[in-house]
Amino acid sequence: MTFAVAVNNRALLEANLLASPALREKPGYQLLVQEGYPSAAAAYNHAIEHSANDVMVFLHQDIYLPEGWMERLSAWIARLDQQDPAWGVAGCWGTTQDDIGRGHVYSPGVGVLGARFDEPQPVQALDEIVLIMRNSRGLRFDQGLSHFHLYGADLCLTAQARGLRAYAISAFCIHNGNYQLVLPPQFYQDYRYLKRKWRAHLPIQTPCIRISRFDRDLRERRVREFFRKLRGQVIGQFRAENPALLYQKLQSSSGV
């Protein structure tokens, strides 16, 4: 199994992903730290070319994987292979086309999303925090997405166009990021690219925004962001300094 992470902040990587108990439990995996790339797609396509394994896991640098996560992931991959040999992409959080969330994660500013479940849940798009696929499927990331946004949705749509399905799995993890109330301009550039590329498949429900013909969600979000910037409300919640302590609190309060 190969893990690939696009990194622009080494301190965040060391405090979160590299501090994860899961990575210390099962030796023998490959870890590709992709630094200095202009986009997630470029970073991850390079990782695919240098992977020593068929199964690849693409993660954010601020993901924290708790104890037992590797074993749960292996079990889910075996279950997917058995139940749907044509699975293309899996992840820890996704959404159906009618905006039903699937998965089990901690998200800053929101809290614990979802709950444990036993069967793979079909989704239209997956969040980029964790993406899982087999190299043998021949999937690649679209470098037309020139920043670090919406490449998970694009990968899922590409898989589905080839007859491969996307699923959310129940492998709880912590996304220890800042909760952004105002998205950067680069997000909207990738939004416009994705809309042009998949215009025949609209609407597309991603975990963070609905991409539609008339951009209703986009326009409503931009109005909210305009007033938030006027009030200086750019970040709604900052990441936890100690993700291990956060996980302990979640275990006692939420039973994750």
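The values are calculated or read from the model by the stated rules, or taken from the named source; none is laboratory data. Values in this document were obtained by computation on a predicted structure and should not be read as measured data. Positions of Cβ are backbone-derived with ideal geometry, glycine not excepted, and every protein chain shown enters the neighbour counts.
Output the residues belonging to segment 187-204 that are over 17 Å from the mean Cα position of the chain (by Cα) and of a type outside the set (Phe, Trp, Tyr).
GLN189, ARG192, LYS195, ARG196, LYS197, ARG199, ALA200, HIS201, LEU202, PRO203
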* Asked: How many residues does segment 91-110 contain that are within 24 Å of LEU250 (Cα to Cα), at pLDDT 95 or above and of a type outside the set (D, E, K, R)?
  -> 11
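Every residue in segment 193-209 that is within 20 Å of ASP99 (Cα to Cα) and either part of a helix (DSSP H, G or I) or in contact (Cβ under 8 Å) with a residue 24 or more places away in the chain (or both), please.
First pass over segment 193-209, keeping only residues within 20 Å of ASP99 (Cα to Cα): 194-195, 198-209.
Within segment 193-209, LEU194, LYS195, TRP198, ARG199, ALA200, HIS201, PRO203, ILE204, GLN205, THR206, PRO207, CYS208 meet the criteria.
Residue-wise test of (1) farther than 28 Å from GLY114 by Cα; (2) out of contact with any strand residue (DSSP E or B) (no Cβ under 7 Å at 6 or more places or on another chain); (3) charged (D, E, K, R).
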| residue | (1), (2), (3) |
| --- | --- |
| ASP190 | no, yes, yes |
| LEU194 | no, no, no |
| ARG199 | yes, yes, yes |
| THR206 | no, no, no |
| ILE209 | no, yes, no |
| PHE214 | yes, yes, no |
| ARG219 | no, yes, yes |
| ARG222 | no, yes, yes |
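Given the structure, is ASP98 among the charged types (D, E, K, R), farther than 26 Å from GLU241 by Cβ and exposed (fewer than 14 other Cβ atoms within 10 Å of the Cβ)? Let's see the steps before the verdict.
On the way: among the charged types (D, E, K, R): yes; farther than 26 Å from GLU241 by Cβ: yes; exposed (fewer than 14 other Cβ atoms within 10 Å of the Cβ): yes.
Yes: the conditions hold for ASP98.
Pick from segment 21-41 the residues that are part of a loop (DSSP other than H, G, I, E, B) and either touching a helix residue (DSSP H, G or I) at 6+ places or on another chain (Cβ under 6 Å) or among the aliphatic types (A, V, I, L, M) (or both): which of them is surrounded by the fewest Cβ atoms within 10 Å (Cβ to Cβ)? Can you show your working first?
To start, the set of residues in segment 21-41 that are part of a loop (DSSP other than H, G, I, E, B) comprises 21, 26-29, 36-39.
Add one more test, that the residue is either touching a helix residue (DSSP H, G or I) at 6+ places or on another chain (Cβ under 6 Å) or among the aliphatic types (A, V, I, L, M) (or both), and what stays is 26, 37.
On the way: LYS26: 13, TYR37: 18.
Within segment 21-41, the match that is surrounded by the fewest Cβ atoms within 10 Å (Cβ to Cβ) is LYS26.
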* From (1) assigned to a helix (DSSP H, G or I); (2) surrounded by 18 or more Cβ atoms within 10 Å (Cβ to Cβ); (3) not charged (D, E, K, R), pick out the condition that doesn't hold for PHE227. => (2)
* Somewhere in segment 62-79, is a residue closer than 15 Å to MET1 by Cα, surrounded by fewer than 16 Cβ atoms within 10 Å (Cβ to Cβ) and in contact with a Ser or Thr (Cβ under 6 Å, 6 or more places away or on another chain)? -> no
